[in-house]
Amino acid sequence: MFSFPVHHTFGPHATLSYTLRSLGLLFQPWKWRNGNEREHLRKALQQSFHGDVFLFSSGREALAALFRAIQLRSDEEVILQAYTCVVVPNAVHAYGGVPIYADVDGDTLNLDCADVERKITTRTRAIIAQHTFGIPANLPRLRKLCDERGILLIEDCAHVLPDDSASPIARTGDFSILSFGRDKAISGVAGGAVISRKSDVSNALKNAEDHAGELPRSVIARYLLYPRIYFKTRVLYVIGLGRACLALCKKLHLLIPIVTPEEKKGNMILRMRKLPNACAALALHSFERLPMINAHRRNLTRFYIEECTKHGWNVIPGVTEHLALQKFPLFFPNADRLRELLKRENIYLEDGWTGCVICPRGTATETLGYSPGIGPKAEGMCEKILSLPTHPTMSMKQAKRLVTALNDLTAKC
Ligand SMILES: Cc1ncc(COP(=O)(O)O)c(C=O)c1O
């Protein structure tokens with residue numbers, strides 16, 4: 001029987017309305033770089049998250065701009081967690097800072113606060129609290145720790161944006177970093193922001209944004225094509241032509257990789273670019289639908305929890321049914337094998353967050369200051385993780401198909 005592919009990465013935000021919006025923008029090139037949408041997005045984020053908002057062409061640039069704005073010195077340390085994306089330590093390195101890795105708490109996949117405390121030194125300048133996959137980090141404890149020691153708290157909200165105005169997420173840090181990447185909490189295909197709650201740093205960030213360059217039009221055009229390509233590719237996967245279509249798009253350089261080979265080696269090109277107005281328009285489109293997107297994520301989270309209970313699959317304590325998860329983490333000793341077998345069912349669960357503590361696989365971990373043994377819990381769990389999608393284009397019907405396939409396979413393997 002024909003079925004749409006289940007996936008993490010085939011245009012997770014590319015719903016019909018999102019794809020139509022991106023196509024509309026594609027045919028209005030005068031709106032690509034400049035227009036009102038960027039200011040509307042800034043204002044909307046400012047109102048929701050109470051801080052000064054500065055927009056850049058990616059979350060990693062926003063983070064690097066922040067390190068420059070706080071004048072991070074070359075001997076200063078930034079504590080971050082061992083299970084993270086390579087672009088995060090790259091941004092610390094970019095201005096000469098030293099990334100110090102703390103292990104994860106196995107209950108939440110977030111910073112283990114006891115290990116953070118052990119790793120604080122007189123050179124610690126900041127702690128990055130990543131809300132991994134939308135599971136809240138221990139903000140009260142990290143805030144207290146930072147206040148007591150005069151350390152800056154940076155929230156990495158790439159994976160989550162709350163729709164509830166009482167949520168402490170994206171409101172507790174001295175700074176919050178947002179990403180509008182293609183698979184993040186909200187999406188502009190690309191883009192990022194810093195929310196600053198320190199006025200002296202805000203001045204430096206304003207200067208950084210004002211002096212940022214523009215992305216080439218050819219890059220903006222490819223970002224706008226991205227939802228259209230995947231909207232079509234998902235249909236082609238139904239008749240077995242999806243892979244060929246993607247290969248062709250890659251050959252024609254229509255798809256821009258999320259992480260470049262240079263970034264995987266631990267290098268970040270230090271260049272700040274403005275958030276293109278077209279990406280801001282798409283991020284705004286997403287942000288206006290945040291309550292709906294998060295309600296959808298919560299529904300799928302609830303469904304997966306119920307199914308896990310039924311099938312005896314262990315759910316980590318940090319995952320609860322009121323969370324709008326960016327993806328739902330599960331653990332199986334043979335996760336790689338299961339992912340491979342699921343492909344035969346048109347189910348693609350590779351998301352770049354498996355088999356690595358600095359993701360994706362194949363990053364130069366030693367160059368990035370990570371040596372085996374620093375984060376034993378992170379090293380153990382990343383081998384066993386198998387995450388289930390919760391994104392806007394993942395339907396409940398697909399979730400049911402996925403759970404059935406997973407159950408059949410775990411019974412056999
Ligand atoms: C946890 C985390 N933080 C920050 C980023 C940076 O976001 P961007 O892709 O917009 O640079 C990413 C993703 O790439 C991420 O996964």
Exercise for the section: Please work out the Kirkwood hydrodynamic radius for the range 290-412, using every pair of different C-alpha atoms, and report it in angstroms with one decimal place. Expected result: 15.5
Practice task
Work out, step by step, the length gained on full extension between ARG243 and SER218: first 0.36 nm times the residue separation, then minus their alpha carbon distance; give nm to one decimal.
Solution key: 6.6 nm
Exercise for the section: Return, ordered by residue number, the residues of the range 295-319 whose backbone nitrogen is under 13 Å from a label point located 7 Å along Cα→Cβ of ASP107. Expected result: 316-319
Exercise for the section: Can you tell me which of 282-288, 262-268, 109-115 comes out highest on packing, and rank the rest after it, using the mean Cβ neighbours within 10 Å? Expected result: 282-288, 109-115, 262-268
Exercise for the section: Indicate the gyration tensor shape class of the range 60-123 (rounded, prolate or oblate), computed on the Cα atoms with a ≥ b ≥ c the square roots of the eigenvalues: a/c under 1.5 is rounded; otherwise a/b larger than b/c is prolate and the rest oblate. Expected result: oblate
Handout entry: Relative contact order (%) - criterion: Cα under 8 Å, at least six apart; region: the chain
Key = 25
Problem - Gained length - SER395 relative to HIS211, 0.36 nm times residue gap less alpha-carbon distance - result: 62.0 nm
Problem - Relative contact order %, the range 290-412, counting alpha carbon pairs below 8 Å whose residues are six or more apart - result: 33
Completion exercise
Computed on Cα atoms only, the convex hull of the range 1-104 has an orientation-averaged projected area in nm² of 10.8
Handout entry: Packing rank of 301-311, 389-399, 220-230, where each peptide gets the mean count of other beta carbons within 10 Å, highest leading
Key = 220-230, 389-399, 301-311
Handout entry: GNM result for the chain, Cα springs below 10 Å: residue of ASN207, ASN294, ASN277 fluctuating most strongly
Key = ASN207
Problem - Prolate/oblate/rounded label for the chain (Cα gyration tensor, a/c 1.5) - result: oblate
Handout entry: Residue-wise HN-Hα coupling along the range 369-376, computed from phi with Karplus coefficients 6.51, -1.76, 1.60 (Hz; x: Gly, Pro)
Key = x, 9, 10, x, x, 5, x, x
Practice task
Report the label-to-label distance for ASP408 and GLN71 in nanometres (one decimal), using points 7 Å from each Cα along the Cα→Cβ vector.
Solution key: 6.3
Practice task
Compute the relative contact order of the range 16-135 as a whole-number percentage, counting only Cα pairs closer than 8 Å that sit 6 or more residues apart in sequence.
Solution key: 21
Practice task
Would you mind checking LYS43/LYS274; LYS343/LYS400; LYS343/LYS377; LYS184/LYS327 for any pair whose Cα atoms are more than 18 angstrom apart?
Solution key: LYS343/LYS377
Practice task
Please report how far the C-alpha centroid of the range 318-377 lies from that of the range 110-164, rounded to the nearest whole angstrom.
Solution key: 21
Exercise for the section: First select every other residue whose beta carbon is under 12 angstrom from the beta carbon of GLU306; then total the charges, Lys and Arg +1, Asp and Glu -1. Expected result: +1
Completion exercise
Per residue convex hull volume, Cα only, the range 35-210, in Å³ is 106
Exercise for the section: Would you mind telling me which residue in ARG243, ARG38, ARG297 has the biggest mean-square fluctuation in a Gaussian network model of the chain, where springs connect alpha carbons within a distance under 10 angstrom? Expected result: ARG243
Practice task
Only residues of the range 271-289 count here: report those whose backbone N is under 18 Å from the spot 7 Å along Cα→Cβ of ASN34, or say none.
Solution key: 273-281
Handout entry: GNM flexibility winner over the chain from ALA364, ALA190, ALA278 (Cα, springs under 10 Å)
Key = ALA364
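Taken together, the values in this text are just the output of simple stated rules run on the coordinates, not laboratory data. Predicted, not measured: the structure shown is a model, and the values here were computed from it. Cβ coordinates were reconstructed from backbone atoms using ideal geometry, including for glycine residues, and neighbour counts include every protein chain displayed.
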